[in-house]
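Scroll down for the structure; my scribbles are underneath it.
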Amino acid sequence: MTVSKNTWLGIGCGAVAGAFWGLVFLAPALANNFTPLQLSAGRYLAYGLVSVALIAPAWRRLARVLTRTEWRALAWLSFWGNILYFVLLARAVQVGGIAMTSLIVGFLPVTVTIVGSREHGAVPFARLLPSLMLSSAGMVCIGWHSLQGSSQGSLEGLLCALGALASWTVYAVQNSRWLGRLDHVTSHEWSLLTGVVTGAESLLLAVPAFAFAPRAHGTDEWLYFGAIVTGVAICASVLGNAFWNRASRLLPLTMTGQMILFETLFALLYGFFWEGRAPAPAELAAVALLVAGVLSCTAAHRIPAAAPA
């Protein structure tokens, strides 16, 4: 049994995407005096502007080949995977902490893999069960650890993190299916088109986010805020999404979900560094179980080696 070159390339793209996406969990902590709505609106306005600039050379061709159905799909994908997801995630980080939020969202490998196991030609569910059990055990560890304080803040953070988990599961599954149907749009172009649509949708957030802000900010604070949301837009949205879409085309859906583990691992690394602490035993156990779950999933997707002539 062996693992194909495309599979290893897909895993590599998933790892790079996770490294960029992990920064998303740090941004709300860096700008904790801004609301989740402001962070979401600012990030996606920047994402939209950068995407417009990068997609401009190919815009006429794409406008001709894209149908109304595909534009509607982009609108829904942008809402579920960007707008709603980041509002919930930012609130979860601010009231529940980076570590708890990143590990709850780390349950994505389980939810996406379960959905992917129902796809035509997918690896049998029985072969995926060990990885699902390992990932689930990891989430039990972090759920127990995050609720030890039993504070209202941690409970609200947990609920927001679960909402982010649900919204991104919808996005991951539907985005993977659309990438499988498209042969006239590259994965990078699809990412930039998502950015353009997300930027347009974020205009609806901008008015309530900034016009009815709970507190005023000075010029230095706004410059700091702009630097953070622009950096996240370029790193996480433009570069991270491009690598993720490439991974989605190289890997089956049952394995694509497992690649989200890299986002969790990098978010934890950034979070522990930011908070200046070592991981708790339950967090270490959760990470080990999640890593074991991905390795188990990779093994389940091995293909028979070619027989010698």
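The values are calculated or read from the model by the stated rules, or taken from the named source; none is laboratory data. Note that the structure is predicted; figures quoted are calculated from it, not measured. Positions of Cβ are backbone-derived with ideal geometry, glycine not excepted, and every protein chain shown enters the neighbour counts. These area figures cover heavy atoms from the full protein model, side chains too; ligands, DNA and RNA do not enter into them. Shrake-Rupley method; radii C 1.70, N 1.55, O 1.52, S 1.80 Å.
Diagonalising the gyration tensor over the Cα atoms of the chain and scaling each eigenvalue by 5 before taking the square root yields semi-axes of 31, 27, 15 Å, largest first. Here the simple spin-label model places points 7 Å from the Cα toward Cβ, and for residue 144 and residue 29 these points are separated by 2.4 nm. Each residue, residue 277 and residue 76, gets one label point 7 Å from its Cα in the Cβ direction; the gap between the two is 4.1 nm. For the chain, carbon and sulfur atoms together expose 69% of the accessible surface, with a 1.4 angstrom probe and every protein chain in place. Accessible-area rank, largest first, for 35, 256: 35, 256, with all protein chains present and a 1.4 angstrom probe.
Working from Cα pairs under 8 Å separated by at least six residues, relative contact order for the chain is 44 percent. When all protein chains stay in place and ligands, DNA and RNA are ignored, the 1.4 Å accessible-area order of 105, 170, largest first, is 170, 105.
Ordering 177, 127, 43 by accessible surface, largest first, gives 127, 177, 43; the 1.4 Å probe counts only protein heavy atoms, with every chain in place.
Per residue, the solvent-accessible area of the chain (1.4 Å probe, heavy atoms of protein chains only, all protein chains present) comes to 44 Å².
Calculated FRET efficiency, residue 58 and residue 269, Cβ-Cβ r, R0 45 Å, to nearest 0.05? E between residue 58 and residue 269, to the nearest 0.05, is 0.80.
Averaging the Cα positions of each part gives two centres, and for the stretch 157-173 and the stretch 1-75 these lie 17 Å apart. Which residue, 241, 33, 175, has the most motion in a Gaussian network model of the chain that connects Cα atoms within less than 10 Å? Top of the fluctuation ranking is 33.
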